[in-house]
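The block underneath contains the structure these notes are about, expressed in structure tokens.
Where a number appears in this text, it was derived from the coordinates with a stated rule and is not lab data. Just so we're clear, the structure is a prediction, and the values are computed from it rather than from any experiment. With ideal geometry, Cβ positions are generated from the backbone for all residues, glycine too; neighbour counts draw on all protein chains shown.
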Amino acid sequence: MLTGQYPHKHGITNNNTDFPSDVVTYANLLQAAGYTTGYFGKWHMGTQVDRPGFDTAVSFEGQGTYFNTEFFDESGRSLFTSSESDWVDDVSTEQAKKFITAQHAAGRPSLTVLGFKTPHQPWTPPARNRGLFSSDTAVAVPNLSVPPPFAPRANGGSSQSQLRDYMRTVVGIDQNVGDILAHLDDLQIADNTAVIFISDNGFFRGEHRLGDKRSAYEESLRIPLMIRYPAGQSKPLAVDPIALNVDIAPTILELAGVPVPESMQGRSLVPLMTGSTPSDWRDSFIFSYNIDPEFPAAAVVPHLGLRRADGLKLVNYSDDSSWNELYDASRDGDPYEINNLYSLPERADDLAAMKRELLQTTERLGFMKASGFSMKPQGASWSVQGADASLFEIETSSDLIDWKVVGTFEGGGAPTRLSLPVPGFSSSEVIEGNAGDYVLAEGSPVTAIRGFETLRVGSIPSAGGRDAVLIFELPVLKNGMEIALAELELHVVRTFAQWDADLWVLGVKDDTTPILEYSETPTGNPAVLKLEDTIFDYSTSNSGEVVTSNRLSGITQYLQKFYEENSSYAGGKYLFLRVNSTADIGVNDQRYTITAAENPNIESRPKLNLFYRPLGSSPRKQSFRVRYGRIGP
């Protein structure tokens, strides 16, 4: 909503990552145009203290609490803690009203954003609503006994008492919204104030036996969206064209008379507000749920899908394609999504059309995009952009009929260079890690610390070790041999970490002097390249396990290129590989440890496994393709 971009584009795909201060949003664009901006209530970006783009903030950390909530300003300074009788959304609403009043009195144009905690668990309503619905019972719907394919034993959301409290909190929001609208009337600014009401997701209350959100059914996917702007609307309208949450930012900008940047992927809804639908308006959209380490055991699974205006919906599940679904969710079709049409021969044409459109849309929006394929006798390389925190597979075939998976990778939101090694090798060699390995400690300046028996990744600064840097002395190739495959082997232990670690190369040097290159994202240094998204993640064992780089990792192609460009190499050069966190945890010591080259346990030390084949070997013809998710059993 802030950026007008899909999560796979802006890269914030969970609730624990700070929102970057340098990302373009409607808020900072309105600031630049002379608007005073204020944010009130829930923000939810982990423990982030600042509110980028907002001049004033009165908000709480993370999910907050319904009562006794500590509120902070735009710089993270504590302002006050609400009482045990002050409902959190009432407090946020009152603070938003004060801001609106002050800006009106000063004659300044303003933007006010009010984020409600409701209706999140534990669904605690304000005192005024606790008696509502006490004698009411929910009306049954046809899909209450239809579980999803990925959770056939699901049994959630059916508690009537929880549903009553859920609805009581929703009524509390309604009352707060009414309070805001009445306040605009009292100030006599309602006519020239645009009010947008939107939810970030729907919620299951027993439909499909679910009691959560994030799944692809209509109850979760469809959300309320209402816009009131008397100065720009002649009468109330209910419109049918598809509107998305990525449309909110460009809509706000157009209403304010501020140009919409090309980086925004949504479209302004202003034409729809007047009953005019552009001829090129969308008639479908993609939706996705990615891997979320905060909820590894949740009864939801990563998926990617397409919903068309005519009601057809395709859902592809990344963990198992046998779960895939195709529904006609139109009012006249199957609105409760009970009959999965995916495998029906009579719907094969619909399925094929939906697959084509999904593929075209994902490429256009950058969810899955491939380019820069190159093939050499040593092997191929491919630049593939995959959505952040989403799973992809690379398959190979010699006849374009029979396909075999050669590796998986987790997307990082930006193009990643993959190695596509030609199968077959005749010999191998193990290169032990160099005792010069070190950790990079975050700070100004960045410092390198050596001598550890284990290298930390993701520690808070006082503990040392935001990044681990591994060093290997590159061997001299035997006459007539070339690199067929390179693999990094590490012994890794996870300590509370719920984030991924990526593999980068810092370059090749003549000695083991530390390279002080620290960053969680690309820095523009041409010598620093990402070799692999997610070399290990939250699924890594707390007791430790051996982790091997993906065979698709760019390390193979990187070393092939080095030896090709240094054909007379006689030894004495060192390869620097950096393993770093994909998130700045900040206050929590959520980390991984890698067994270092100086560790007494020889078997667990870092290793670079090199596989060779005769120089100039003629590989057989190979084709490659990338696909979202796993093929399944």
Whether region 86-176 is rounded, prolate or oblate, judged on the alpha carbon gyration tensor where a/c under 1.5 counts as rounded: prolate
30 Å Cα-Cα reach of K509 towards lysines, excluding residues that sit fewer than 8 places from it in its own chain: K376, K478, K530, K561, K573, K607
For R267, distant residues with modelled amide H under 5 Å away: D247
Protection proxy ranking of 246-256, 563-573 - average other beta-carbon atoms within 10 Å, highest first: 246-256, 563-573
Residue-wise HN-Hα coupling along region 563-578, computed from phi with Karplus coefficients 6.51, -1.76, 1.60 (Hz; x: Gly, Pro): 5, 5, 7, 10, 5, 9, 4, 10, x, x, 10, 10, 8, 10, 10, 10
Sequence-separation-based contact order of region 303-365, relative, with Cα cut under 8 Å and 6+ spacing, percent: 25 percent
Mean ellipticity per residue at 222 nm, deg cm²/dmol - from DSSP H runs of n ≥ 4 across the chain, formula -39500 (n - 2.57): -5000 deg cm²/dmol
Radius 13 Å from Cβ of F576, net charge of other residues (Lys, Arg +1; Asp, Glu -1): -3
Degrees between helix 88-105 axis and first principal axis of the chain (Cα, 0 to 90, nearest 10): 80 degrees
Phi-based couplings in Hz for region 502-519 (Karplus 6.51, -1.76, 1.60; Gly and Pro marked x): 10, 10, 10, 10, 9, x, 10, 10, 7, 8, 9, 4, x, 9, 8, 9, 10, 5
Karplus (6.51, -1.76, 1.60) ³J(HN,Hα), θ = phi - 60°, over region 176-190, in Hz, Gly and Pro reported as x: 5, 4, x, 5, 5, 5, 5, 5, 5, 5, 4, 7, 6, 10, 5
For Y612, distant residues with modelled amide H under 5 Å away: S426, S427, S428, A484
Over the chain, relative contact order from alpha-carbon pairs under 8 Å, at least 6 apart, %: 12 percent
Positive-end extreme of charge dipole, the chain - chosen from S145, V91, L358 (charges on Cβ): L358
Ellipsoid semi-axes in whole angstrom, largest first, where each is sqrt(5λ) of the Cα gyration tensor of region 1-158: 33, 23, 15
For region 27-66 and region 405-419, distance of Cα centres in Å: 34 Å
By average C-beta atoms within 10 angstrom, highest first, the peptides 259-271, 197-209, 228-240, 50-62: 50-62, 197-209, 259-271, 228-240
At 1.002 mPa s and 20 °C, Stokes diffusion of region 509-563 via Kirkwood alpha-carbon radius, µm² per second: 153 µm²/s
Identified option (computed Cα extents along the principal axes in Å; candidates (i) 98, 65, 49; (ii) 85, 62, 46; (iii) 139, 65, 59): (ii)
Gyration tensor (Cα) of region 303-365, equivalent ellipsoid semi-axes in angstrom: 18, 14, 11
Debye log10 I(q)/I(0) at q = 0.10, 0.12, 0.14, 0.16 Å⁻¹ for region 429-614, Cα point scatterers: -0.36, -0.53, -0.72, -0.94
Computed Rg/Rh of region 188-287, alpha carbon atoms with Kirkwood Rh: 1.01
For region 101-154 versus region 371-386, the gap between their alpha-carbon centres in whole angstrom: 48 Å
Reachable lysines, given that their alpha-carbon falls under 22 Å from the alpha-carbon of K42 and they are not under 8 places away in the same chain: K97, K98, K117, K213
